[in-house]
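Comments concern the structure below.
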Amino acid sequence: MTSFRTAAAFAAGVLSLALASGAPAQDADKTIRIGLQPAPLLGFIMQDQKLLEKRGYTPEYTVFPFSPPILEGMAAGSIDIALLGIGPTLSVVQRDAGVTYIYDELANAAGMIVGVDSGIEGPADLKGKAIAFPGKSSQLYAMLRMYLAGTGVDDSDIDLIRANATDMNTLLDHGEVVGIVAWPPYTSEPVRLGTAKQLFDANGLGIEKAGFWPNSGWGVRTEYAAEHRDAVLAVVESLHEAIRFETEHPDEAYEIYSKASGYPVEAVRFMLENGFVSHYPAADSAPSADAMIKVFRAFEENDIVRDLGKAEDDIRAAVDPSFVEEVLAKGQ
């Protein structure tokens, strides 16, 4: 079956690669330094269609392989606004990270698949089986434990094999594991090719916001948001326009996502049209502190995060839906 080593190599190759528009340095007040990740993100439509440029801003795009180095860049003041995973965001929210979470973009985007001929239909069938997962510090481990809760099956009953997501499909193909716990395209592509089936996804784990598990969204440096509110509002307006573009021109949007992520366009189409990953509609993109607290408590219960004493207060302080609410109030 198709390997995603190429996509992984692409992600590594674009680490810290600036995709700047080349605007004059003297426009520093209009420059927005944006962090993205190689995935089907609205930010790539924003870039391709020059949605910030038409609002008078000069975006400088940098693609990172995942959230932690983006958070480091934001802490260092080199990234202003970026797409961040909920898990990494919650892991730093109690540490005065100086990041405000303003926008929900991706929903679901995680789950478990098993070989189509594995005979696995539910938790009881997982006992003694070899399953690849990202490790016990990953939110995917918490999701697996949430799936197993109350079933009489414990994660210790499963032969969990720590693996990088880029290697999981190979392990599945070679029969070294019968299933994997990961995210698209590693979960969606084997299903598309008919070699695996989905056992559970994040949406079915009992925590939702607007009907979906909130997976990833946009964070901004708190200091930047205070000083450049209009710029942050322009980003939100552009993201909403990107959603409309995807709805009205899906084939073109899939091509943009494919080029940006390194995934085949057929893989992008399948994961989006079959709900392995979804974009929140503009009307539901305002973040919810209550939803993030629920996710935090689920992660805490499964030893992924720890409450240092005032986690709920810190989460409420870090979540600001006002940017989306202001844009929606203007009909955009």
**Asked** Counting pairs of Cα atoms in the stretch 111-205, how many percent are more than 24 Å apart?
**Response** 8
**Asked** Roughly how big is the chain's charge dipole about its Cα centre, with Cβ charges of +1 (Lys, Arg) and -1 (Asp, Glu), in debye to the nearest 20?
**Response** 320
**Prompt:** Cross-link partners among aspartates and glutamates for K127, C-alpha distance below 13 Å, same-chain residues fewer than 8 apart left out?
**Reply:** D154, D155, D157, D159
**Message:** If I take every Cα pair under 8 Å that is 6 or more residues apart in the chain, average their sequence separation and divide by the length, what percent do I get for the relative contact order?
**Reply:** 27
**Request:** List every residue whose amide H lies under 5 Å from the amide H of V99, counting only residues 5 or more places away in sequence or on a different chain, with H placed 1.01 Å from N in the peptide plane.
**Result:** T222
**Request:** With the Cα gyration tensor of the stretch 265-312 in hand, give its eigenvalues times 5 under a square root as the equivalent ellipsoid semi-axes, listed largest first in whole angstrom.
**Result:** 31, 16, 7
**Request:** Run the dipole for the stretch 91-160 about the Cα centre, Lys and Arg Cβ at +1, Asp and Glu Cβ at -1, nothing else charged, and hand back the magnitude in debye, nearest 20.
**Result:** 200
**Message:** Under a Cβ-only charge scheme (Lys and Arg +1, Asp and Glu -1), can you give me the dipole magnitude of the stretch 111-205 about the Cα centre, in debye to the nearest 20?
**Reply:** 200
**Shape call, the stretch 71-119: gyration tensor on alpha carbons, a/c limit 1.5** = prolate
**Fill in**
Rounded to the angstrom and largest first, Cα extents along the principal axes for the chain equal 62, 45, 34
**Request:** Give the distance, in whole Å, between the Cα centre of the stretch 139-184 and the Cα centre of the stretch 213-249.
**Result:** 33
**Request:** With springs only between Cα atoms under 10 Å apart, run a GNM on the chain and tell me which of A225, A124, A253 wobbles the most.
**Result:** A124
**Complete:** Once normalised by the length of the stretch 111-205, the mean sequence separation of its alpha carbon contacts under 8 Å that are 6 or more apart gives a contact order in percent of 46
**Request:** Rounded to whole Hz and in sequence order, give me ³J(HN,Hα) for the stretch 54-70 from the Karplus expression 6.51 cos²θ - 1.76 cosθ + 1.60, θ = phi - 60°, writing x for Gly and Pro.
**Result:** 6, 9, x, 10, 10, x, 10, 9, 10, 9, 10, x, 6, 6, x, x, 5
**Item:** Amide hydrogen neighbours beyond the local backbone of L84, cut-off 5 Å, H modeled
**Value:** G217, W218, G219
**Message:** For a quick check: with amide H placed at 1.01 Å from N, whose amide H comes under 5 Å from I207's, ignoring anything fewer than 5 positions away on the same chain?
**Reply:** none
**Prompt:** Within straight cross-link reach of K209, meaning Cα distance under 24 Å, which lysines are found once same-chain residues fewer than 8 apart are removed?
**Reply:** K294, K310, K330
**Request:** Would you kindly derive the ³J(HN,Hα) couplings of the stretch 136-153 from the backbone phi angles with the Karplus curve 6.51 cos²θ - 1.76 cosθ + 1.60 (θ = phi - 60°), listing them in order in whole Hz, with x for Gly and Pro?
**Result:** 6, 8, 8, 5, 5, 5, 4, 5, 4, 5, 5, 5, 7, 4, x, 9, x, 10
**Asked** How large is ³J(HN,Hα) for each residue in the stretch 205-221, as worked out from phi by the Karplus curve 6.51 cos²θ - 1.76 cosθ + 1.60 (θ = phi - 60°), to whole Hz, x for Gly and Pro?
**Response** 9, x, 10, 8, 9, 6, x, 9, 6, x, 9, 8, x, 9, x, 10, 4
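Coordinate-derived values only; no laboratory data. Quick caveat: nothing in here was measured; it's all calculated off a predicted structure. For neighbour counting, all protein chains shown are included, and Cβ atoms are generated from backbone atoms with ideal geometry for every residue, glycine included.
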